[in-house]
1. Regarding segment 136-145, can at least one residue be identified that is of a type outside the set (Phe, Trp, Tyr), in contact with a Pro (Cβ under 6 Å, 6 or more places away or on another chain) and touching a residue at least 40 places away in the same chain (Cβ under 8 Å)?
2. Scan segment 243-278 for residues that are surrounded by 13 or more Cβ atoms within 10 Å (Cβ to Cβ) and assigned to a loop (DSSP other than H, G, I, E, B) and jot them down.
3. What is the residue count in segment 189-233 for residues that are out of contact with any Asp or Glu (no Cβ under 6 Å at 6 or more places or on another chain) and part of a strand (DSSP E or B)?
4. Quick one: Gly221 ticks every box in (1) surrounded by fewer than 15 Cβ atoms within 10 Å (Cβ to Cβ); (2) farther than 22 Å from Gly142 by Cβ; (3) of a type in the set (Gly, Ala, Ser) bar one, so which box is it?
5. If a residue has to be closer than 21 Å to Asp253 by Cα and surrounded by fewer than 18 Cβ atoms within 10 Å (Cβ to Cβ) to count, how many in segment 143-161 make the cut?
6. Scan segment 152-188 residue by residue and report those that are free of Cβ contacts under 8 Å to residues at least 12 places away in the same chain and assigned to a loop (DSSP other than H, G, I, E, B).
7. Which numbered condition trips up Ala80, out of (1) modelled with pLDDT of 95 or more; (2) part of a strand (DSSP E or B); (3) open to solvent by less than 70 Å² (accessible area, probe 1.4 Å)?
8. Give me the residue from segment 60-73 that is part of a strand (DSSP E or B) and free of Cβ contacts under 8 Å to residues at least 60 places away in the same chain and, out of that set, most open to solvent (accessible area, probe 1.4 Å).
Amino acid sequence: MKKLTFLSLAAALTAAVALSSCNSDDNNEMLTGQTITKMTSVVESLDNPGSVSFCDLSFSLVYDYKGNTSDVQILGMKLADGSQLPLMKFDKLAWSIKDYWKVTDAVNVMPTVDGFGNVPMFETFNIAIKDQYSNQGAYTPGFFYDFVVNGQSRVYGPVYKGTTITTAPGGATFTNEDTKYVVTLNSSSSTATVEIFGASFIEGMPKLNLAFDAVPYTKDGDKYILTAASLTPSFGGTPFPRFPITGLKATLDFATGFDLEFTCGYNGEPYKVVADTDRG
């Protein structure tokens, strides 16, 4: 049969967001491929904790089901020092299926990079993708990735962006379009970490990077339902009781995005926070 062909990442960058799936069966080979473009990602400095920036990553992923290897291309990566990496190609990485997710885990791997002298070292390389489709038939995979590069940068995502609205006790509202969210699932404990970048829930509040750790979740079909009666957010890895959180409810749906609501206590007063976000 016809050999699998795949959209190059350079061409894929002409689209704002593209999700595709294709298959080929040739000489007992079984290949599947996806192209996922323009995923907003966190770039964290490991030398300077708390220093965070963002970049847009694009991925080409091809999975060989016979050999259990994957070929990965990544474009658009920036590191914490501001350097921009060119198109990187990783060939024949081992992958496995874990709880319906295709997981590629590797350590100390270096990509093939054409015409680039300073080839980066990926001390850790993790990509997880879960094939699924919306009720309308659109391909809407679950997708997570996390890399440590050159021992100095952690690049991970995806980021969810949208509108965050806070309602004060008196009914006044404050809208923030700049806050970003990252949700990381831990299937072994059925808990999630919700990271909030640029959190600013009331007028005049300085923008903070907060985390809600070990939030329990349950599954409802392909959705992940997060709930917590109360929790203490962390700031830079340190508990931050100044803003106690109660009544947290959230839904992570790869087809529709990440919706979050909770009450934030500030000076003894409850502020209702509602976020409606989309991936990338």
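1. For segment 136-145, residues of a type outside the set (Phe, Trp, Tyr), in contact with a Pro (Cβ under 6 Å, 6 or more places away or on another chain) and touching a residue at least 40 places away in the same chain (Cβ under 8 Å): absent.
2. Phe243, Pro244, Phe254, Ala255, Thr256
3. Looking only at segment 189-233, we keep the residues that are out of contact with any Asp or Glu (no Cβ under 6 Å at 6 or more places or on another chain), and these are 189-192, 194-197, 199-210, 212-222, 224-233.
Narrowing the set further to residues that are part of a strand (DSSP E or B) leaves 191-192, 194-197, 199, 208-210, 212-220, 224-231.
Adding up the residues that qualify gives 27.
4. Unmet condition: (2).
5. Number satisfying all stated conditions: 1.
6. Correct list: Gly170, Gly171, Ala172, Ser188.
7. (2)
8. Step one: filter segment 60-73 for residues part of a strand (DSSP E or B), giving 60-64, 69-73.
If we keep only those that are free of Cβ contacts under 8 Å to residues at least 60 places away in the same chain too, we end up with 60, 62-64, 69-72.
Working: Ser60: 6, Val62: 27, Tyr63: 1, Asp64: 21, Thr69: 30, Ser70: 1, Asp71: 53, Val72: 3 Å².
Once the filter is applied, the top-ranked residue is Asp71.
The values are calculated or read from the model by the stated rules, or taken from the named source; none is laboratory data. Fair warning: this is a prediction, and the values are worked out from it, not measured in the lab. Virtual Cβ from ideal backbone geometry, glycine too; neighbours counted across all protein chains shown. Surface accessibility is based on the protein's heavy atoms, side chains included, excluding ligands, DNA and RNA. Shrake-Rupley method; radii C 1.70, N 1.55, O 1.52, S 1.80 Å.
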